[in-house]
Amino acid sequence: MSALLLATGDDELLLREAVATLLPSAGEPPARHRIDATDPDALAGLPALAGSGSLFGGGTLVIVEELSRLRGRTLAALLEQSVAALASGNAIALVDARSRRPTGRETESELAALVRRLGGRIVACMSPLAGELAPDLVRRARAAGREITAEAAAELAMRVGAELREPDLDRRSLRAIAVAELGKLLLAVPNAVGVGAVRALVVDRSTGSLLAFTDALIARDPAGVARHLGRALDEPAPVVVAALHRRFRELTIVAGALGGGSDPDTAAAELGLHSYVVRRLAGPAGRREIGRAHV
């Protein structure tokens, strides 16, 4: 296995697990050294740390963080020197904890291309979107020699907030929270974990979204309003008012477009809105009482 790794993404648990693959599965663990890539003095010490062997112990694991804030070619030059001088048993983990999910249209970064050229591995560690966490929980349970039903995994994902689709949700720690809850369930339930066990033992964290709150108001959905009310109360009042104003403005515009005979996808293209937003507003926009106050 390569002793050079580039882990990129915003999922806290996957980033930790990716770095852990550089640790020996048995024997003395290596000493860990963390370097902030934005600290020039600390970064300059990377080749020396990577090239220093140890008479005892499991070597040295150098973890370079804050790569997303680094600019220029400084790291590339130091990385080439470090890999060339890498001592036996040592490893380098580059952690780029970015929050933006790749669209598939970007070209590979210079750093990623350099890591590949140097024989390193690249691991994507993106936080789960709606529908992605439940299958991962099923796989993790099976890897542990246990079972959780697909329905129970979906319920667990919903209770930690991973099934929300709104972009204002902080997803970085959702997988870590869900895996911790899964571990508790596997300890408490001797057989396959079902939906009943999840509902009885896992607290619904009611993870809120301000965008979902505004959508629930527009849709006149009391349960949705209640679920996301905490998030709205946590936000400054001007932020909440601005979010409501934007959604009601979009609702009025969508109602006009759909009333003119356009279908949701065509209306989205004409209005410059995301098709998911238009489809979500299509129901409320079709009501006759759209002109009345909803709040």
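Is there a quick way to get the dipole size of the chain? I mean about its Cα centre, with the Cβ of Lys and Arg at +1 and of Asp and Glu at -1; what is the value in debye to the nearest 20?
The dipole of the chain has a size of about 440 debye.
Taking only C-alpha pairs under 8 Å that are 6+ residues apart, what is the relative contact order of the chain in percent?
16 percent
Which order do peptides 4-12, 259-267 fall in by mean Cβ count within 10 Å, highest first?
Listed from highest to lowest mean packing, they are 4-12, 259-267.
Measuring with a 1.4 Å probe in the full set of protein chains, what accessible area per residue, in whole Å², belongs to the chain?
53 Å²
In nanometres, what is the gap between the two model label sites at residue 77 and residue 110, each 7 Å from Cα along Cα-to-Cβ?
Result: 1.2 nm between the two label points.
Net charge near residue 225, counting Lys/Arg +1 and Asp/Glu -1 over other residues with Cβ under 14 Å of its Cβ?
My count for the surroundings of residue 225 gives +2.
Give the residue from 255, 23, 124 lying farthest towards the positive end of the charge dipole for the chain; charges sit on Cβ (+1 for Lys and Arg, -1 for Asp and Glu) and the dipole is referred to the Cα centre.
The residue sitting farthest along the positive end of the dipole is 255.
Let me make sure I get this right: for segment 4-64, a, b and c are the square roots of the gyration tensor eigenvalues over alpha carbons, sorted descending. Under 1.5 in a/c it's rounded, otherwise prolate if a/b > b/c, else oblate. Which is it?
oblate
To the nearest 10 degrees, how steeply does helix 150-159 sit against the main Cα axis of the chain, on a 0 to 90 scale?
Here the helix axis deviates by roughly 80 degrees.
Report the local net charge at residue 34: Lys and Arg +1, Asp and Glu -1, summed over other residues whose C-beta lies under 11 Å from its C-beta. Intermediate results must be reported in sequence, preceding the final value.
Working: positive: 32; negative: 36, 39, 65, 66.
Net local charge, residue 34 excluded: -3.
Ranking request for peptides 244-255, 182-193: highest mean number of other beta-carbon atoms within 10 Å first, then the rest in descending order.
Details: 244-255: 17.4, 182-193: 14.8.
Top to bottom by mean Cβ count within 10 Å: 244-255, 182-193.
Quick check: pseudo-label points 7 Å beyond the Cα along Cα→Cβ at residue 165 and residue 98, how many nm apart are they?
2.5 nm
Which order do the peptides 142-150, 162-170 take when ranked by the mean count of other beta-carbon atoms within 10 Å per residue, highest first?
162-170, 142-150
Could you look at segment 138-259 and say what percent of its accessible area is carbon and sulfur, using a 1.4 Å probe and all protein chains?
Details: 3660 of 6200 Å².
On segment 138-259, the fraction of accessible area on carbon and sulfur atoms equals 59 percent.
Using a 10 angstrom cutoff on alpha carbons, build the Gaussian network for the chain and name the most mobile of 114, 15, 137.
114
What number comes out for the charge environment of residue 187, summing +1 per Lys or Arg and -1 per Asp or Glu over other residues with Cβ under 15 Å away?
Result for the local shell: +1.
The values are calculated or read from the model by the stated rules, or taken from the named source; none is laboratory data. Since we're looking at a predicted model, the values are computed, not measured. With ideal geometry, Cβ positions are generated from the backbone for all residues, glycine too; neighbour counts draw on all protein chains shown. For accessibility, only protein heavy atoms count, side chains too; no ligands or nucleic acids. Shrake-Rupley method; radii C 1.70, N 1.55, O 1.52, S 1.80 Å.
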